[in-house]
């Protein structure tokens with residue numbers, strides 16, 4: 001298990017539990033993620049990765065326990081301002097272009113952006129050529145890129161990313177890895193739920209879940225991941 | 001430099017020079033949200049063609065006129081006698097209060113599941129996950145929904161008031177005005193209860209219990225078992241032109257308080273429920289538009305989180321291949337029914353039972369309601385077959401013909417439906433006013449069960465109406481008749497199953513034995529069910545033959 005980090009946690013879960021009637025989706029989970037830490041959350045299908053991220057984002061409600069973001073309960077106004085969630089399935093408006101999406105989400109978070117800022121961001125995610133198109137007509141990969149840009153156009157201290165590489169082409173994956181590295185350097189706490197065992201080579205810490213329980217917390221290699229969760 | 005913000009400015013811009021942007025501390029998030037919503041609304045409005053608007057208005061007007069005509073013929077326009085008017089004055093408020101009780105119960109149930117709002121999924125993800133004040137963010141859509149429903153309530157209430165004036169006498173203007181106020185109040189009670197239940201996170205069990213208590217109170221008031229009920233003021237309000245009772249104002253006050261309370265607590269509604277509803281309600285509306293009853297049922301269950309039990313009520317041993325695999329698969333499915341579904345079937349059985357008592361007391365139109373209750377129950381009891389139809393690949397991979405598998409699902413449905421019918425008949429034959437004679441209840445049990453089941457079988461296997469296949473060659477008029485027939489036929493089969501009770505009563509009125517009057521209709525119901533089973537077995541053959549004939553007729557072969 002990992003040694004305690006001396007930095008104060010920006011994401012802290014204490015016996016966080018989620019159940020649907022008689023089905024337990026997440027066994028009591030306790031962990032703390034300090035600022036500037038890049039964490040990989042690995043586990044097989046149904047292990048509770050996405051459930052934990054949605055709980056931390058405030059999309060799901062805890063059955064028991066607590067999750068705090070920068071000291072505020074998950075889902076509260078302060079926590080929402082500090083948490084950016086990139087879902088596994090992009091959720092976008094039908095009637096807004098990519099550029100309008102970015103401007104809207106930025107406005108909802110109090111960020112006033114100039115067109116040049118949006119162009120820079122779109123260039124980073126590889127969407128500048130489709131900036132004025134409606135994402136409703138995009139392929140899965142392009143929608144994923146639009147979703148990534150939306151997650152980055154607003155302020156955050158904690159970035160929660162669920163299966164980010166699904167649907168992305170090789171340049172898109174490379175660009176996203178570069179962005180995550182940069183955000184990591186800039187001091188954001190990042191938790192990435194993934195099935196990609198090679199991703200753990202880039203992270204500070206790997207948390208492996210099995211049937212909703214933590215079975216590993218600390219540095220890991222891709223081989224460890226395959227052994228722990230079966231790939 | 002172009003500012004990507006349709007509202008007013010913030011002053012100094014925040015930075016995006018790194019990948020971590022910074023929020024402006026004085027940003028007016030709610031103002032920006034309102035500005036962007038206006039912008040989107042203007043964009044949407046600009047895209048709507050006036051011809052589409054006219055066509056929608058035309059369709060709404062046609063449907064409205066048909067609905068009013070049908071309603072008028074049902075209500076009739078003969079004035080009530082003095083004795084009947086006395087009855088209305090004495091018991092009308094109680095029974096009209098039952099409508100308000102139903103509306104509140106419906107609202108409470110909806111609110112306990114996160115209703116009545118159904119936002120865009122993207123709106124839930126981007127607006128409700130932003131640090132925008134949720135009460136402010138949700139107020140606009142809530143008010144918009146309430147405003148539309150209020151309009152519907154006023155129109156429906158006015159029509160009801162006009163129809164009532166023909167039968168109850170008095171000033172038409174007074175009845176129409178009162179009807180409009182009652183319609184508006186009813187919407188306020190329903191939507192307000194839903195908003196308040198959602199905002200206070202009322203547990204589903206508590207919402208159901210509260211709703212049932214209100215309904216029971218209203219019914220008890222209607223039958224004079226108690227002096228008044230919490231929803232009786234609504235009845236007093238609706239009957240103002242007949243007798244003015246100031247207590248009716250309480251219903252208006254309650255509606256206003258519920259709405260105000262609900263709107264004030266909007267920000268506390270569950271995001272989890274909002275997210276679930278945002279996905280499912282859109283699909284549900286689309287399926288309803290296509291008259292896809294099966295999809296509506298499945299989505300409604302998902303919306304209510306009606307999941308099969310992990311532990312069945314009774315655990316059956318799994319042994320080898322088994323002798324009746326299809327029947328046993330169905331039985332296993334039934335044994336995992338959630339308590340909510342069991343409760344719903346019990347409720348439907350009770351409703352059917354009371355309708356049978358009503359028929360026996362002389363209220364013949366309750367025949368339709370009893371049939372519908374059994375039909376809806378049938379849609380649950382044919383669940384194993386419906387799942388087979390929902391997931392055809394496994395069925396089609398089997399060496400057994402699809403039609404044969406469908407037919408083998410019928411017995412387990414019949415078993416469940418017989419249990420529902422038995423409960424309905426027990427309610428109908430229980431001591432009290434309007435009880436059915438035991439012999440009639442016994443004779444009517446099987447047709448009651450098979451009627452509902454037959455209707456459900458036809459509905460599930462027919463699926464949603466389509467214009468494809470050979471029917472694409474037929475004129476629109478013929479397709480319209482086919483559509484109406486397909487919609488009405490399944491519930492009509494269920495109603496057929498109630499006929500034995502009606503004709504048993506007629507026989508007794510004519511001095512014959514009830515069972516003697518029921519016998520021909522028992523035979524008819526069983527014969528119809530047998531025909532339905534035959535149709536289940538050969539419908540694929542008939543469909544392929546018909547498609548072939550139509551192709552030949554169009555010269556394709």
Residue B:234 being in contact (Cβ under 8 Å) with a residue 24 or more places away in the chain and farther than 30 Å from residue A:50 by Cα: yes
The one condition residue A:226 fails out of (1) away from chain B (no Cβ under 14 Å); (2) buried (at least 19 other Cβ atoms within 10 Å of the Cβ); (3) over 25 Å from residue A:96 (Cα atoms) is (2)
Would it be correct to say that residue A:108 is at the interface with another protein chain (Cβ under 9 Å from one of its Cβ atoms) and farther than 23 Å from residue A:41 by Cα? yes
Filter the helices (runs of 4 or more DSSP H) completely within segment B:18-123 down to those with at least 1 residues that are away from chain A (no Cβ under 14 Å). B:50-75, B:82-112
Output the number of the condition that residue A:183 fails; it satisfies all remaining conditions of (1) within 14 Å of chain B (Cβ to nearest Cβ); (2) surrounded by fewer than 21 Cβ atoms within 10 Å (Cβ to Cβ). (2)
Restricted to segment A:163-176, and to residues that are in a helix (DSSP H, G or I) and touching a helix residue (DSSP H, G or I) at 6+ places or on another chain (Cβ under 7 Å), which residue is farthest from the other protein chains (Cβ to nearest Cβ)? A:172
Return the total of residues in segment A:129-162 being within 12 Å of another protein chain (Cβ to nearest Cβ) and either more than 18 Å from residue A:96 (Cα to Cα) or touching a residue at least 40 places away in the same chain (Cβ under 8 Å) (or both). 19
Exactly one of (1) farther than 27 Å from residue B:303 by Cβ; (2) modelled with pLDDT of 90 or more; (3) surrounded by 15 or more Cβ atoms within 10 Å (Cβ to Cβ) is unmet by residue B:226. Its number? (2)
Within segment B:517-540, can you find the residues that are without any contact (Cβ under 8 Å) to a residue 12 or more places away in the chain and closer than 25 Å to residue B:401 by Cβ? B:527, B:530, B:531, B:534
Residue that is surrounded by 15 or more Cβ atoms within 10 Å (Cβ to Cβ), farther than 23 Å from residue B:212 by Cβ and at pLDDT 90 or above, where the choices are B:329, B:294, B:265: B:265
Sole exception among (1) modelled with pLDDT of 90 or more; (2) buried (at least 20 other Cβ atoms within 10 Å of the Cβ) for residue A:112, by number: (1)
Under 7 Å by Cβ, and 6 or more places apart or on different chains, what pairs join a residue from segment B:413-430 that is on the phi > 0 side of the Ramachandran plot with one that is part of a helix (DSSP H, G or I)? none
Looking only at segment B:502-516, which residues are in contact (Cβ under 8 Å) with a residue 24 or more places away in the chain and under 33 Å from the mean Cα position of the chain (by Cα)? B:502, B:504, B:505
In segment A:68-95, anything facing chain B (nearest Cβ under 7 Å), out of contact with any strand residue (DSSP E or B) (no Cβ under 6 Å at 6 or more places or on another chain) and surrounded by 18 or more Cβ atoms within 10 Å (Cβ to Cβ) is listed as A:75, A:80, A:81, A:91, A:92, A:93
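Residue-by-condition table, conditions (1) away from chain A (no Cβ under 14 Å); (2) in contact with a strand residue (DSSP E or B) (Cβ under 9 Å, 6 or more places away or on another chain); (3) under 26 Å from residue B:258 (Cα atoms); (4) modelled with pLDDT of 90 or more:
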residue	(1), (2), (3), (4)
B:132	no, no, yes, yes
B:136	no, no, yes, yes
B:153	yes, no, yes, yes
B:168	yes, no, no, no
B:175	yes, no, yes, yes
Complete set of residues in segment B:280-291 that are in contact (Cβ under 8 Å) with a residue 60 or more places away in the chain and either surrounded by fewer than 18 Cβ atoms within 10 Å (Cβ to Cβ) or assigned by TED's automatic domain parsing to the domain that holds residue B:202 (or both): B:282, B:290, B:291
Options B:485, B:527; residue that is in a helix (DSSP H, G or I) and modelled with pLDDT under 90: B:485
Can you name the helices (runs of 4 or more DSSP H) wholly within segment A:1-118 that have at least 2 residues being within 26 Å of residue B:26 (Cα to Cα) and touching a residue at least 60 places away in the same chain (Cβ under 8 Å)? A:77-82
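The values are calculated or read from the model by the stated rules, or taken from the named source; none is laboratory data. The structure displayed is predicted, hence computed values, not measured ones. All Cβ positions, even for glycine, are placed from backbone atoms using ideal geometry, and neighbour counts span all protein chains on display.
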